[in-house]
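All remarks here apply to the structure that follows.
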Ligand code: NAP
């Protein structure tokens, strides 16, 4: 495992476990998170809207690994945007997770009064209740505005990043402001024929690796943290075995050509999507 140092000096694992597990069954989340920690994942990524913070908290309690060795991320949902709401939502998440501090707290979507949220998060950070604060889905213009106006700059921006949506322009903006990129959907959510793509399959064969391993490795080699999700223990193991090989520049260049330049998962600029985000409730 490699680590990155965030813009406030905090060390964060380059790879973590994405806990957006589709099943409403808390036992599945609990088992998956315990398996992931047992295999060696230390960064766990959840969110209020995943409705599984209690199950993640139970797994953290039962896993047998000391709290300080884990790196726990959760996210503020749109419904709780605003200064007072954020303070309350943060405490609710902490209580559900059974923790007394968070490693990383992220604004999940740039909607509602997220500047009020940011002021609350800056205070929580200064009080030591969270080690780092950041955002998700902040496209370049929104990230630039926040970075130019915030007292504490976001440490992380979690956005969709995989071979079919590479977002080099977004990465350039993050680099300019010292914001660490983190990929959601690093396996393109398993869709878009990613695992049978001929170029990725050929590269995988060359290194004796799987397509999943090549794709995850590719993102880390361009400085992007990854949080793949799986409910299968063998896939969790496979996804973690990416630290013993290196893609050549030639293969990095071949993967660069797979970029479609747009997301096929979600259109953040669509008014319908924004309405959907506001309609989703966590309480
Ligand atoms: P993902 O990690 O790109 O892909 C997960 C899918 O790939 C699942 O269907 C999984 O199936 C499958 N898979 C995993 N490893 C595999 C392997 N080695 N071989 C074949 N299939 C494999 O998608 P994601 O869950 O959307 O993204 C990862 C994490 O990012 C989430 O869990 C969440 O924490 C975060 N996220 C954040 C946002 C945001 O707005 N901030 C949005 C989306 C996601 P099985 O589970 O059946 O193995």
### Query
Any idea which of 82, 9 is over 17 Å from residue 186 (Cβ atoms), away from the ligand (no atom under 11 Å from the Cβ) and surrounded by 16 or more Cβ atoms within 10 Å (Cβ to Cβ)?
82
#### Entry: Residues satisfying the stated conditions in region 230-283, i.e. within 22 Å of residue 195 (Cβ to Cβ), touching a helix residue (DSSP H, G or I) at 6+ places or on another chain (Cβ under 6 Å) and loosely packed, with under 13 Cβ neighbours inside 10 Å
245
### Task
Go through region 156-165 and count every residue that is more than 8 Å from the ligand (Cβ to nearest atom) and either part of a helix (DSSP H, G or I) or under 15 Å from the mean Cα position of the chain (by Cα) (or both).
3
### Task
Could you list all residues from region 224-237 that are outside any loop (DSSP other than H, G, I, E, B), within 17 Å of the chain's Cα centre (by Cα) and either near the ligand (Cβ under 9 Å from one of its atoms) or over 21 Å from residue 258 (Cβ atoms) (or both)?
226, 236
### Query
What's the number of the condition residue 72 fails, among (1) at negative phi; (2) within 19 Å of the chain's Cα centre (by Cα); (3) away from the ligand (no atom under 14 Å from the Cβ)?
(3)
### Query
Across region 119-151, which residue is nearest to residue 12 (Cα to Cα) among those that are within 16 Å of the ligand (Cβ to nearest atom) and part of a helix (DSSP H, G or I)?
121
### Message
Can you pull out every residue in region 177-199 that is more than 10 Å from the ligand (Cβ to nearest atom) and over 13 Å from the mean Cα position of the chain (by Cα)?
### Response
177, 178, 179, 192, 193, 196, 197, 198, 199
## Note on the structure
Those residues of region 240-253 that are part of a helix (DSSP H, G or I) and farther than 16 Å from residue 205 by Cα come to a total of 3
### Criterion: free of Cβ contacts under 8 Å to residues at least 12 places away in the same chain, within 16 Å of the ligand (Cβ to nearest atom) and surrounded by fewer than 21 Cβ atoms within 10 Å (Cβ to Cβ) - qualifying residue of 22, 51
22
### region 261-283, subset more than 21 Å from residue 141 (Cβ to Cβ) and part of a loop (DSSP other than H, G, I, E, B), residue modelled with the lowest pLDDT
264
### Query
Is one or more of the residues making up region 200-223 within 19 Å of the chain's Cα centre (by Cα), within 15 Å of the ligand (Cβ to nearest atom) and in a loop (DSSP other than H, G, I, E, B)?
no
### Query
Yes or no: residue 112 more than 16 Å from the ligand (Cβ to nearest atom) and at positive phi?
no
### Query
Which members of region 187-199 meet the condition of being within 13 Å of residue 255 (Cβ to Cβ) and outside any helix (DSSP H, G or I)?
197
### Query
For region 190-229, how many residues are at negative phi, surrounded by 14 or more Cβ atoms within 10 Å (Cβ to Cβ) and in contact (Cβ under 8 Å) with a residue 60 or more places away in the chain?
9
### Test for residue 243: is it closer than 29 Å to residue 142 by Cα, touching a strand residue (DSSP E or B) at 6+ places or on another chain (Cβ under 9 Å) and either within 12 Å of the ligand (Cβ to nearest atom) or touching a residue at least 24 places away in the same chain (Cβ under 8 Å) (or both)
no
### Query
When you scan region 166-184, how many residues do you find that are in contact (Cβ under 8 Å) with a residue 40 or more places away in the chain and not in a helix (DSSP H, G or I)?
8
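The values are calculated or read from the model by the stated rules, or taken from the named source; none is laboratory data. Since the model is a prediction, treat every value here as computed from it, not as a measurement. Because the Cβ atoms are built from the backbone with ideal geometry, glycine has one as well, and the counts that use them run over all protein chains shown.
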